[in-house]
Amino acid sequence: MKKIVTVIGARPQFIKAAAVSKAISEHPDLSEVIIHTGQHFDDNMSAVFFDQMQIPRPDYMLDIHSLSHGAMTGRMIEKIEDILLAEQPDLLMVYGDTNSTLAGALAASKLQIPIAHVEAGLRSFNMRMPEEINRILTDRIATKLFCPTPTAKENLISEGFQDFDSQIFISGDVMYDAALMFSERSIRPEGVDIPEAFILATVHRQENTDDLERLSAIIQSLNQIASEIALVFPVHPRTLKLLSNGGLPELSDEIFTIPPVGYLEVLHLLKNCQMVVTDSGGMQKEAYFFEKPCITLREETEWTELTDAGYNKICGSNSNTILKAFNHFRSKKIRFKPGLYGDGQAARLIATKL
């Protein structure tokens, strides 16, 4: 029996773990110990995901959050190392590009424990992004690299990974597995009025929330869009704090703000919206899974397949560019083709390769 320690800490990782942990539990030769770092810590950002998606409850809760990047990562490394020394796993598994990902990988590498990285090979080519640093460093010290797309594998090959002591697999995207698993269980958010026709908007990325000029331009763009069609806006705690402090444009009455919601509610919103406006990485793919065009409030994307196919437009915070993309998608019927992110069996492949 091979023991795997999995480190998770943020919403996208909970979604991915829902699919992979299920596949691990069904594999007779694997057992799993889950560490939750606490990077996302309130109920709607964390606990509700475990309840809704029946992810095994974490064996360890570290409760590390609300710190600077360096302090958070350092404290996670210390705590994870203690657990790894106690558990003596055969392999450590991490997802994506968060501080939790890098901390788990660094702790394991110092102890000579092999590392599996799910969602390897993604690149924004923007080294100002903390996520870009996290994913590059994690890829370099990982033993098994599970790439969601051929493009991700090509990125690794171009960086010389074929000469490193690691295995590279094109697994498909486990978020697609999760979308298929939970689509029929989606639920309407309670206690809020959801318009019949609406656009789903999310804004949380540090490059937007830490720059009031960018955030102001985004809000002005959302207000202009809302003059034509209502927006439903689940507000991230970081964004809510900024909106509450003043100094930003007031939100239009046609923007329906709601608290952060669980994954099943997100699926309901994705299935019923007409379009997505977001700075999230994962939601760009989720929009595609449900055949909704996406406007991305960033200067680049890791998911270049979506822009190449015309399903996603990268707009940054420029109001003219955002509104041009909005008008384009409203006036044109987008025909979506399946298969960009695998066949929904990524988690089973990963469990087998582990």
Could you go through the stretch 5-21 and let me know if any residue there is farther than 21 Å from residue 266 by Cα, under 19 Å from the mean Cα position of the chain (by Cα) and in a strand (DSSP E or B). yes
Selection over the stretch 1-15 where residues are basic (Lys, Arg), modelled with pLDDT of 95 or more and closer than 21 Å to residue 62 by Cα yields a count of 1
Got at least one residue in the stretch 243-256 being in contact with a helix residue (DSSP H, G or I) (Cβ under 9 Å, 6 or more places away or on another chain) and on the phi > 0 side of the Ramachandran plot? yes
Go through the residues of the stretch 233-241 one by one and say whether even a single one is touching a Pro at 6+ places or on another chain (Cβ under 6 Å), within 26 Å of residue 176 (Cβ to Cβ) and not assigned by TED's automatic domain parsing to the domain that holds residue 153. yes
Looking only at the stretch 96-135, filter to residues that are closer than 20 Å to residue 72 by Cα and basic (Lys, Arg); which one of those is surrounded by the fewest Cβ atoms within 10 Å (Cβ to Cβ)? 128
Anything in the stretch 89-109 that is part of a loop (DSSP other than H, G, I, E, B) and in contact with a strand residue (DSSP E or B) (Cβ under 6 Å, 6 or more places away or on another chain)? List them, or say none. 89, 90
Among the residues of the stretch 254-297 satisfying the criterion of being among the polar types (S, T, N, Q) and modelled with pLDDT under 95, which is surrounded by the most Cβ atoms within 10 Å (Cβ to Cβ)? 280
Scan the stretch 119-139 for residues that are in a loop (DSSP other than H, G, I, E, B) and of a type in the set (A, V, I, L, M) and report the count. 4
Filtered residue count, the stretch 300-318, keeping only those that are surrounded by fewer than 17 Cβ atoms within 10 Å (Cβ to Cβ) and under 21 Å from residue 200 (Cβ atoms): 4
Can you list the strands (runs of 3 or more DSSP E) lying wholly within the stretch 254-354 that have 2 or more residues being under 20 Å from the mean Cα position of the chain (by Cα) and not small (Gly, Ala, Ser)? 276-278, 294-296, 312-314
Do we have any residue at all in the stretch 32-43 that's out of contact with any Asp or Glu (no Cβ under 8 Å at 6 or more places or on another chain) and of a type in the set (Ser, Thr, Tyr)? yes
Do the conditions hold for residue 184, that is, is it within 26 Å of residue 292 (Cα to Cα) and acidic (Asp, Glu)? yes
Can you confirm whether the stretch 70-90 contains a residue that is buried (at least 20 other Cβ atoms within 10 Å of the Cβ), within 22 Å of residue 344 (Cα to Cα) and of a type in the set (A, V, I, L, M, F, W, C)? no
Selection status of residue 244, under 18 Å from the mean Cα position of the chain (by Cα) and of a type in the set (S, T, N, Q): no
Condition check for residue 174: closer than 23 Å to residue 279 by Cβ and either surrounded by fewer than 17 Cβ atoms within 10 Å (Cβ to Cβ) or at pLDDT below 95 (or both): no
Which of the residues spanning the stretch 22-75 are aromatic (Phe, Trp, Tyr), assigned to a loop (DSSP other than H, G, I, E, B) and at pLDDT 95 or above? none
With respect to residue 220, determine if the residue is assigned by TED's automatic domain parsing to the domain that holds residue 297 and in a helix (DSSP H, G or I). yes
Selection from the stretch 335-351 of residues that are at negative phi and surrounded by fewer than 14 Cβ atoms within 10 Å (Cβ to Cβ): 335, 337, 338, 343
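The values are calculated or read from the model by the stated rules, or taken from the named source; none is laboratory data. Bear in mind the structure is a predicted one, so any value in this text is a computation, not a measurement. Every residue, glycine among them, receives a Cβ derived from its backbone with ideal geometry; neighbour counts consider all protein chains shown.
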